[in-house]
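What follows is a single structure, written as structure tokens, with notes after it.
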Amino acid sequence: MNRKEIAEIRKLLCMQKNPIHTIYGCYVNSEKDLLSEFKHPALSLPEDELFKYLDIFRKALSGKKEKNLTQVDFPLSEESAGGTQHFLYQFCNGTGDIQEDALEELYGIIIENYTTVENYAILVALGAYDVPGKATDGTIMDDASETTYCFMICCICPVKKTSNDLGYNEKEAVFENLVRLEKVAPPENAFLFPSFDDRASNCHSLLYYSRRDMHAEFVANGLNCQLPLWEPDQKQYFQAAVDTAFSSQYTVETSIELYQNICEKAEELEDPTISKNGLHHILEQCGATEDDLNAFDREFPDNVVLHSNSIIDTRKCTISAYGMTLKIDRDQLDLLETRNIDGQTYLCIPVTNNFRVNDVEIKDKKKDDSTYGCRPFQCFHFIR
């Protein structure tokens, strides 16, 4: 699923377009005891309650691709009878009529394989979306549905006690401690099945959401899938590749050139990936030596695929040193220069009429720098 497809489903989860017809759920304590279960036809819920459920399910489709959201493929072994994909598919029949033993099995899989010290709720939304057709010019035709996308969203939400605040009791006309309630928090983990690829159902994969902790053991043992590399791991592989390919020297100029090359790669595709061979080519373009490239080829795993959006921010380049952090728009990077002053390398930014400190414009009337023969610069001691 690309960003547009994720957004298309997320935008449906509102009161005006709601495609969800049935909501199931249960409450589990930290000892893995199932305390209660429920089923709600969505249209029978009060509006304010349905709004809160939709908000929870919408959060399960939010965040950054490859950081919070990643598409996970099922192994072929899980698509036959008895496999996880085959089991989940029965929840997507479009009717909301699910056998009780199937729900009990789903709850049991999550309870057995999901590790947490908190109480939590399992919320399952079943829905159907009549996918509107697209004209040749890309215009959405709402009255020309081509297919129906039946789906489930399963959320695992921590349940926390509300704070012990002071509140007003109208009946007694006094201020007193409020009764502490059990509050459902936003989901920590969730999945959408099947995925929505090319604006149609793809039963061979699901979209997995993680707010903070991946809970990889749940994905591996509960969903019987293998997660691709998560963003922190991708950054570690990228750091190792740069260290190997530029073993003797990695300058500011080289780092900016590498950043620009990856950004150009990211512009080519909606969700760009960089294979080992692709990364080799980019490093070579940035001046890596033949010996260092040979070392990279030996040490970098053949099966590792990096996502451009996971290893860099394609909108802004970040430079940090000595407690300072500079975030620079990609199209402004040409303004940067490095200069060697008294044996130290400095990163220099021209002081112009748009230069501000704490939102106050700097007024520097110098027309040139008599020492260096150039326009005024603000210089930062960056590296030796």
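I'd like the full set of residues that are surrounded by fewer than 13 Cβ atoms within 10 Å (Cβ to Cβ), assigned to a helix (DSSP H, G or I) and not charged (D, E, K, R), limited to the stretch 41-63. Matches in the stretch 41-63: Leu43, Ser44. Any residue at all in the stretch 277-295 that's under 25 Å from Lys67 (Cβ atoms) and polar (S, T, N, Q)? Yes, the stretch 277-295 has at least one match.
When Gly94, Gly138 are checked against the criterion of being of a type in the set (Gly, Ala, Ser), modelled with pLDDT under 90 and under 18 Å from Glu8 (Cβ atoms), a single residue qualifies: Gly138. Within the stretch 241-258, the set of residues being surrounded by 15 or more Cβ atoms within 10 Å (Cβ to Cβ) and more than 18 Å from Glu66 (Cβ to Cβ) comprises Val242, Thr244, Ala245, Phe246, Tyr250, Val252, Thr254, Ser255, Ile256, Glu257, Leu258.
Residues in the stretch 179-224 that are of a type outside the set (Val, Ile, Thr), outside any strand (DSSP E or B) and surrounded by fewer than 21 Cβ atoms within 10 Å (Cβ to Cβ): 20 in all.
Pick out the one residue from Thr338, Thr352 that is modelled with pLDDT under 85 and either surrounded by fewer than 16 Cβ atoms within 10 Å (Cβ to Cβ) or outside any helix (DSSP H, G or I) (or both). Exactly one of Thr338, Thr352 is modelled with pLDDT under 85 and either surrounded by fewer than 16 Cβ atoms within 10 Å (Cβ to Cβ) or outside any helix (DSSP H, G or I) (or both), namely Thr352.
Checking the stated criteria, Val304 turns out to be touching a residue at least 60 places away in the same chain (Cβ under 8 Å) and more than 16 Å from Leu258 (Cα to Cα). Take the residues in the stretch 305-332 that are closer than 23 Å to Tyr346 by Cα and of a type in the set (D, E, K, R); name whichever of them is surrounded by the most Cβ atoms within 10 Å (Cβ to Cβ). This residue is Arg330.
Of all residues in the stretch 356-384, those that are modelled with pLDDT under 80 and under 34 Å from the mean Cα position of the chain (by Cα) total 3. Any idea which of Glu78, Glu66 is of a type in the set (Asp, Glu) and surrounded by fewer than 19 Cβ atoms within 10 Å (Cβ to Cβ)? The conditions single out Glu78. Under the condition of being touching a helix residue (DSSP H, G or I) at 6+ places or on another chain (Cβ under 8 Å) and not in a loop (DSSP other than H, G, I, E, B), the residues counted in the stretch 243-254 number 2. Within the stretch 281-298, can one find any residue that is out of contact with any helix residue (DSSP H, G or I) (no Cβ under 6 Å at 6 or more places or on another chain), among the charged types (D, E, K, R) and within 21 Å of Pro232 (Cβ to Cβ)? No, that holds for no residue. Looking at Leu123, Leu103, which is the one that is at pLDDT below 95, assigned by TED's automatic domain parsing to the domain that holds Glu217, over 18 Å from His204 (Cβ atoms) and among the aliphatic types (A, V, I, L, M)? Going through Leu123, Leu103 in turn, just one is at pLDDT below 95, assigned by TED's automatic domain parsing to the domain that holds Glu217, over 18 Å from His204 (Cβ atoms) and among the aliphatic types (A, V, I, L, M): Leu103.
In summary, Leu279 fulfils each of the numbered conditions (1) farther than 30 Å from Pro158 by Cβ; (2) part of a loop (DSSP other than H, G, I, E, B) with the single exception of condition (2). Of everything in the stretch 309-334 that is at pLDDT 85 or above and in a helix (DSSP H, G or I), the residue that is nearest to Gln236 (Cα to Cα) is Ile311. Would you confirm whether or not the stretch 55-76 contains a residue that is free of Cβ contacts under 8 Å to residues at least 12 places away in the same chain and polar (S, T, N, Q)? Scanning the stretch 55-76 turns up no residue that is free of Cβ contacts under 8 Å to residues at least 12 places away in the same chain and polar (S, T, N, Q).
The values are calculated or read from the model by the stated rules, or taken from the named source; none is laboratory data. What you see is a predicted model, and the numbers here were worked out from it, not measured in a lab. As a convention, Cβ positions derive from the backbone with ideal geometry for all residues, glycine included, and neighbour counts pool all protein chains shown.
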